[in-house]
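Undergrad: Dumping the structure here so I can ask a few things about it.
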Amino acid sequence: MNKKELKQLACSIIDQNSDRIIDIGQQIFANPELGYKEHKTAALVEKIFDELNLPYTNKLALTGSKAVLKGKSDQVRVAVMGELDAVLCPEHPFADLETGAAHSCGHNAQIAGMLGAAIGLSNPKVADCLAGEVVFMAVPAEEPVEIEYRQRLRDQGLIEFLGGKQELIKIGALDDIDMTIMFHSTTRDAKVVVDGTSNGFIAKLIKYKGKEAHAGGAPHNGVNALNAAMIGLQGIHAQRETFRDDDCIRIHPIITKGGDLVNIVPADVRLETYVRGKTMDAVLLASKKVNNALKAGALAIGAEVEIIELPGFLPRENDKKLTQIFRANAVELVGADNVVTGSHGTGSSDIGDVMHLMPAIHPYVGGMTGSGHTKHYEVKDPYLAYVVPAKIMAMSVIDLLAEDARLGLEVKATEPKMTKEEYLKLWDNFINQK
Ligand SMILES: [Zn+2]
């Protein structure tokens, strides 16, 4: 079969399974779990891998898994990734009542799309024509949240990074991958958005330590850590006018602990923040200003401050050849008018880190409505959200691996920005700059 016939076959198999794929997406939407805790979602993924007779390894970076579809050669290995995790959004209609987790970032669609592509490509008539291997990966913890919890996992030696893909890099789970395809859902009107860049960031966990005292009877004996934190935050805001528009700096701290009891002078106050920017140079410069401001708060009140820095994510830059392939297949499926080119986004994703080590893409596919990370986020068009991306990714894999993997070999020859060793050292340097 030629590429066109292979794509038609894979897409018709995916369409025959569209109810099953939509059901996977909706099941995950109704059972959200936060990063590094996605046990139910991981079990669902592994069940589908079993049904497709795809051998897999699991518990990678705690909850991730990796299934391999063998073709007639292993000269090129393409990963198709989907993210397992949700965000916290307790008022969302489908939020987990106990944890408050909700899929208001649409990662449920990524798993449905990844498994949909697996359903189409694992049919022997398709797989036997692929001159390379397809590695389907369910990836934990894209949302770099619950920093204090993840810091405890770090202390226990269970993880090193906030992001699941970074952790997979570190443990060697991506050592045998040549390129990565994934997608993210979008609430935009365009059905598909390709290319575009995004911010990188450094994460901080901040602990102000003061001195307890009776808040009514003897405040003069206390050192108010909340006041120190408030001055620290004001110091950060006072720096905002020094950030250049081009650097797209985003700093958005939260207070995760403001004190213990209302009648005790707060002595233990905790904050989390990211410092995001378009380049890591811009991030590092802003990060220094943030640290100075936080220290100034402690100095003003006579409190102490501990600033723990953690690796955030690197800026995102899509591979051009993979983008071309994805775009052409998207155009074929949804029409040129519905495929647009992205610009710079001020959010971040750990696919940015993967993009520094191999060609990778992170396009967007529609089908969602409401605004991301809020209670209004919903699935509007399940076919577009779950089934269309499965088809575009399957078609793109066929482009890469059919016809003796000519295109796949071409993409594989792209020089990566850095080696894994250089990458791991890079983060070490970034977070140790005080
Ligand atoms: Zn997301």
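The values are calculated or read from the model by the stated rules, or taken from the named source; none is laboratory data. What you are looking at is a predicted structure, and each value in this text was computed from that prediction instead of being measured. Methodologically, a virtual Cβ is constructed for each residue, glycine included, from the backbone with ideal geometry; neighbour enumeration extends over all protein chains shown.
Undergrad: Can you find a residue in segment 69-80 that is within 16 Å of the chain's Cα centre (by Cα), in contact (Cβ under 8 Å) with a residue 12 or more places away in the chain and closer than 29 Å to residue 319 by Cα?
TA: Within segment 69-80, one or more residues are within 16 Å of the chain's Cα centre (by Cα), in contact (Cβ under 8 Å) with a residue 12 or more places away in the chain and closer than 29 Å to residue 319 by Cα.
Undergrad: A further question follows. Are there any pairs, at least 6 apart or on different chains, whose C-beta atoms fall under 7 Å, with the first in segment 182-204 and closer than 16 Å to residue 392 by Cβ and of a type in the set (Val, Ile, Thr) and the second away from the ligand (no atom under 11 Å from the Cβ) and assigned to a loop (DSSP other than H, G, I, E, B), and if so, which?
TA: Every condition considered, the pairs that remain are 186/366; 192/363; 193/342; 193/363; 194/342; 194/363.
Undergrad: Further question: In the list 95, 86, 43, which residue meets the criterion of being of a type in the set (A, V, I, L, M, F, W, C), more than 16 Å from the ligand (Cβ to nearest atom) and surrounded by 15 or more Cβ atoms within 10 Å (Cβ to Cβ)?
TA: 95
Undergrad: For the structure I just gave you, tell me whether residue 354 is away from the ligand (no atom under 14 Å from the Cβ), crowded, with 16+ Cβ neighbours inside 10 Å and on the phi < 0 side of the Ramachandran plot.
TA: Judged against the criteria, residue 354 is a match.
Undergrad: Kindly check whether there is at least one residue in segment 83-92 that is more than 20 Å from the chain's Cα centre (by Cα) and touching a residue at least 60 places away in the same chain (Cβ under 8 Å).
TA: Step one: of segment 83-92, the residues more than 20 Å from the chain's Cα centre (by Cα) are 90-92.
This time we only want the ones that are touching a residue at least 60 places away in the same chain (Cβ under 8 Å), so: 91-92.
Among the residues of segment 83-92, at least one is more than 20 Å from the chain's Cα centre (by Cα) and touching a residue at least 60 places away in the same chain (Cβ under 8 Å), which makes the answer yes.
Undergrad: What's the total number of residues in segment 12-41 that are in a helix (DSSP H, G or I), of a type in the set (A, V, I, L, M, F, W, C) and closer than 15 Å to residue 103 by Cβ?
TA: Of the residues in segment 12-41, 4 are in a helix (DSSP H, G or I), of a type in the set (A, V, I, L, M, F, W, C) and closer than 15 Å to residue 103 by Cβ.
Undergrad: So, of the residues in segment 321-351 that are surrounded by fewer than 16 Cβ atoms within 10 Å (Cβ to Cβ) and of a type in the set (Val, Ile, Thr), which turns out to be nearest to residue 283 (Cα to Cα)?
TA: 346
Undergrad: Hey, residue 108 hits all of (1) assigned to a loop (DSSP other than H, G, I, E, B); (2) in contact with a helix residue (DSSP H, G or I) (Cβ under 7 Å, 6 or more places away or on another chain); (3) not aromatic (Phe, Trp, Tyr) but one; which does it fall short on?
TA: (1)
Undergrad: Within segment 138-167, track down each residue that is more than 16 Å from the ligand (Cβ to nearest atom) and either aliphatic (A, V, I, L, M) or outside the structural domain of residue 25 (by TED's automatic domain parsing) (or both).
TA: 147, 153, 158, 159
Undergrad: Still on this model: Just need a number here: residues in segment 162-176 that are in a loop (DSSP other than H, G, I, E, B) and at pLDDT 95 or above.
TA: The number of residues fulfilling the criteria is 6.
Undergrad: Just give me the residues in segment 133-149 being surrounded by 24 or more Cβ atoms within 10 Å (Cβ to Cβ) and at negative phi, in sequence order.
TA: Hits for segment 133-149 are 134, 136, 137, 138, 139, 140, 142, 144.
Undergrad: Of everything in segment 237-253, what is among the hydrophobic types (A, V, I, L, M, F, W, C) and not in a loop (DSSP other than H, G, I, E, B)? Give them in sequence order.
TA: 238, 251, listed by residue number.
Undergrad: Taking the condition within 16 Å of the ligand (Cβ to nearest atom), β-branched (Val, Ile, Thr) and touching a residue at least 12 places away in the same chain (Cβ under 8 Å), does residue 135 pass?
TA: So residue 135 fails the test.
Undergrad: Evaluate segment 51-68: report whether one residue or more is modelled with pLDDT of 95 or more, over 20 Å from residue 177 (Cα atoms) and in a helix (DSSP H, G or I).
TA: Yes: one or more hits.
Undergrad: Just for segment 271-308: of the residues that are buried (at least 19 other Cβ atoms within 10 Å of the Cβ) and under 21 Å from residue 221 (Cα atoms), which one is farthest from the chain's Cα centre (by Cα)?
TA: 301
Undergrad: Looking at (1) touching a helix residue (DSSP H, G or I) at 6+ places or on another chain (Cβ under 8 Å); (2) farther than 23 Å from residue 413 by Cβ; (3) within 16 Å of the ligand (Cβ to nearest atom), which one does residue 170 not meet, given that it meets all the others?
TA: It fails just one condition, (3).
Undergrad: What tally of residues in segment 254-281 results from selecting those that are free of Cβ contacts under 8 Å to residues at least 40 places away in the same chain and either closer than 13 Å to residue 233 by Cβ or assigned to a strand (DSSP E or B) (or both)?
TA: Result for segment 254-281: 4.
Undergrad: Here is a further query. Would you say residue 308 is touching a residue at least 60 places away in the same chain (Cβ under 8 Å) and in the same structural domain as residue 222 (by TED's automatic domain parsing)? Steps first, answer last, please.
TA: Numbers: touching a residue at least 60 places away in the same chain (Cβ under 8 Å): yes; in the same structural domain as residue 222 (by TED's automatic domain parsing): yes.
Judged against the criteria, residue 308 is a match.
Undergrad: Residues 415, 410, 421, 403: which one is closer than 24 Å to residue 119 by Cβ and surrounded by fewer than 19 Cβ atoms within 10 Å (Cβ to Cβ)?
TA: Numbers: 415 fails: closer than 24 Å to residue 119 by Cβ; 410 fails: closer than 24 Å to residue 119 by Cβ; 421 fails: closer than 24 Å to residue 119 by Cβ.
The match here is 403.
Undergrad: Please go through (1) within 24 Å of residue 273 (Cα to Cα); (2) under 20 Å from the mean Cα position of the chain (by Cα) for residue 425 and return the number of the only condition it doesn't satisfy.
TA: Residue 425 satisfies all of (1) within 24 Å of residue 273 (Cα to Cα); (2) under 20 Å from the mean Cα position of the chain (by Cα) except (2).
Undergrad: Can I ask one more? Keeping to segment 115-146, report how many residues are in a helix (DSSP H, G or I) and within 15 Å of the chain's Cα centre (by Cα).
TA: Result for segment 115-146: 0.
Undergrad: Can you find even one residue in segment 372-394 that is part of a strand (DSSP E or B) and crowded, with 24+ Cβ neighbours inside 10 Å?
TA: Checked segment 372-394: no residue is part of a strand (DSSP E or B) and crowded, with 24+ Cβ neighbours inside 10 Å.
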